[in-house]
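What follows is calculated from the coordinates using simple rules that are stated; it is not laboratory data. Keep in mind that what you see is a predicted model, and the values were worked out from it rather than measured. With ideal geometry, Cβ positions are generated from the backbone for all residues, glycine too; neighbour counts draw on all protein chains shown.
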Amino acid sequence: MQMRDSINKSYQLARDQYGELGVDTEKALKKLEDVSISLHCWQGDDVGGFETADAELSGGGIQTTGNYPGKARNADELRSDLEKTYSLLPGKHRLNLHAIYLENEGKKVERNEVQPKHFSRWIDWAKENTAGLDFNPSFFSHPLAGDGFTIASNNKKIREFWIEHGKATREIAAAMGKAMGTPCVNNVWIPDGFKDTPIDRKAPRERLTDSLNKIFEEKFDKNYLLDSVESKLFGIGSESYVVGSHEYYLGYAIRNDVLLCLDAGHFHPTESIADKIPSVLQYLDEILLHVSRGVRWDSDHVVTLSDDLHAIANEIVRGNFLNRVHIGLDFFDASINRIAAWVTGTRNMQKALLSVLLEPTEKLRKIENDEDYTKRLALLEELKTFPSGAVWDYFCYTQNVPVGIAWLDEVKKYENEILSKRV
Ligand code: RNT
Ligand code: ZN
C-alpha cells in the first residue's frame, strides 16, 4: 500500500513537471506499451542451440566468456527461462530464434534440411507468450563453416550447402510470420572473412552476391517474411577482411529491397549506429537493429543505459521511425545470471525509448529551426535530470511487473528454485 502511494505520488509530480513543458506522460506510456523488443534466444544458453545434447558455440568469430551456472540445456528450459524474463518486462515482446534452436525429438537434422515442423513447438509456445517471432539462419558452429567461409566460400559444395540452409530458413521464417500474424524478420549474418590481408577483396563479394541472390530468389508475402542482412567490421579470425562489410550490405539492401541490420557492436569502437538510422532510412523502407554494447571489440556485452543507447533511441523516436525500425537485442554474457542479462538489457532499451518519448521534441525542433542553439543545448541538458525514472516506475507498476530492483528478487528466487538444479 505504502509502495503504491509513493509510486503514484512520484508519478504525479513527474507528470506535472513534464506537463509544464507540454509533454503528456500518458501518451508517452501508451506509445511505449506498443513497442515490442525482439529478445534474442541465444543469451539463454551461450549460443549453443539444441542440434545435439552438448551443442556449443564454435567458429564464426564470436565467443561467449564466463561459466555462470544454470544455462538452459534444452528448449523446454529455454522457454521456461524466457517466460520468467517476459514476466519481468512491461509490455509484450517478441522472440528471435536461430536455426540451431530446432527440435526434432533428439534426432540430428542437417542444416540444409531444417523445416517449419522443427519449430512447431516454438510457434505454439510463442502464440501464448510473445508478440511475434523472428528468425536467423545459423552459418556457424558447423564443420562446413570450419574454414571461416560459408556462402562466400570458393568451394562450390560448401557454398551450395549453405545456400540451401539460407533458403530453408526463409520457409521457416515465413511459416512463423504466417502463424503469428506478424512478419518474421529473417536475418542473414555470415562470418566469412580472412585473418590476414587478402589480395582479392572482390571475388568473395561477387560470390556473396550470387549466393544471396539465390537465397532470396523465391518471393514471399511481406506480411509473413522480411529478409535482412547484417554487416560486420571484423571478428576473431576475420580481423583483416570481412566479406559482408557495411558498405557491401548497404548497397545490397538498397538494390534488392531487403532490410539492413545494424548491430551496435559491428563498427569501429567509437562509431555509433545512431546517426546511421536516419541516414539509411532515406533509402530503405525498414531496418533491423541488433542493440548491443561493444567493449573494445565486438564483445556483445549486456546493453546498459549509456549515451550510445540514448542516441539510438533518440533517432528512432525523433524520426518517427518506430514502425520502420525492428528493435532486436544481441548480446551473450555467460558470466552473470542469463535471465538478469535479458531483463537488464531489455528494460534499458525501454527506458531509453521512454526518456525520448518524454521529450518535448516539437518544441526542440522549433528552437533548432529558430537557430537558438543556446536554448537547444540548455534545455537538452536540463531534460537529462527530469524524473523519467518516476514515470518508468509507474509504467512497471501499472503493467504489473516488479518496480525498480525488485525484479532481481524474482530472478534470484528462480535461480535458487530452478537454475541451481541444472548441473
Ligand atoms: C555476430 C552477429 C550475429 C550473432 C547472432 C548469434 O557478430 O552479431 O548477429 O550475434 O546471429
Ligand atoms: Zn548481431
Mean projected area (nm²) of the alpha-carbon convex hull when segment 1-99 is viewed from all directions: 10.1 nm²
Per 5 Å bin from zero, what fraction in whole % of the C-alpha pairs of segment 279-379 is there, up to the bin with the longest pair? 2, 11, 19, 19, 18, 13, 9, 5, 2, 1
Of the GluC sites (Glu not before Pro) in segment 344-421, those whose Cβ has at most 12 other Cβ within 10 Å and which sit in DSSP loop: 371
If you consider only alpha-carbon coordinates, what radius of gyration and Dmax does segment 165-274 have, in Å? 14.9, 47
If amide hydrogens are placed 1.01 Å from N in the peptide plane, which non-local residues have theirs closer than 5 Å to the one on residue 134? 95, 96, 97
Using a 7 Å offset from the Cα along the Cα-to-Cβ direction at both residue 398 and residue 195, what is the distance between the two label points in nm, to one decimal? 5.6 nm
How big is the convex hull of the Cα atoms of segment 212-331, per residue, in Å³? 111 Å³
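Using the Kyte-Doolittle scale, which helices in the chain average at least -1.0 and also have C-alpha atoms spread 20 Å or more along the helix axis, with helices defined as whole DSSP H runs? Please list the in-between numbers first.
On the way: long enough: 2-20 (27 Å, -1.58); 156-180 (36 Å, -0.46); 338-357 (29 Å, 0.41).
Both cut-offs are met by 156-180, 338-357.
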Counting sequence-distant residues (5 or more places) and residues on other chains, those with an amide H built under 5 Å from that of residue 259 are 227, 228, 229
Report the far tail of the P(r) of segment 92-131, meaning the percent of Cα-Cα pairs longer than 13 Å. 53 percent
So if we plug the beta-carbon distance of residue 34 and residue 5 into 1/(1 + (r/R0)^6) with R0 = 25 Å, what FRET efficiency do we get, rounded to 0.05? 0.30
Determine which aspartates and glutamates satisfy two conditions relative to residue 222: a Cα distance under 16 Å, and not lying fewer than 8 residues away in the same chain. 134, 171, 257, 285, 286
Per residue, what volume in Å³ does the convex hull of the Cα atoms of segment 236-294 enclose? 88 Å³
Quickly rank 34-47, 100-113 as a protection proxy: mean count of other C-beta atoms within 10 Å, highest first. 34-47, 100-113
For segment 352-421, compute Rh as the Kirkwood radius over C-alpha pairs and then the Stokes-Einstein diffusion coefficient at 37 °C and 0.692 mPa s; write the answer in µm²/s, rounded to an integer. 219 µm²/s
Paramagnetic reach from residue 361 in segment 15-32 [backbone N under 12 Å; point 7 Å along Cα→Cβ]: 28, 31-32
Percent relative contact order for segment 97-200, counting Cα pairs under 8 Å at least six residues apart, stands at 36 percent
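Net charge near residue 361, counting Lys/Arg +1 and Asp/Glu -1 over other residues with Cβ under 13 Å of its Cβ?
It works out to a net charge of +2.
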Return the percentage of antiparallel bridges among DSSP beta bridges fully within the chain, rounded to the nearest 5 %. 15 percent
So what is the relative contact order for the chain, in percent, with contacts set as C-alpha pairs under 8 Å and at least six apart? 20 percent
Percent of alpha-carbon pairs separated by more than 13 Å within segment 208-264: 63 percent
Could you tell me the largest-minus-smallest coordinate of the C-alpha atoms of the chain on each of the three principal axes, in descending order and whole angstroms? 65, 55, 39
Residues whose built amide H sits under 5 Å from the amide H of residue 241, excluding neighbours closer than 5 in sequence, are 194
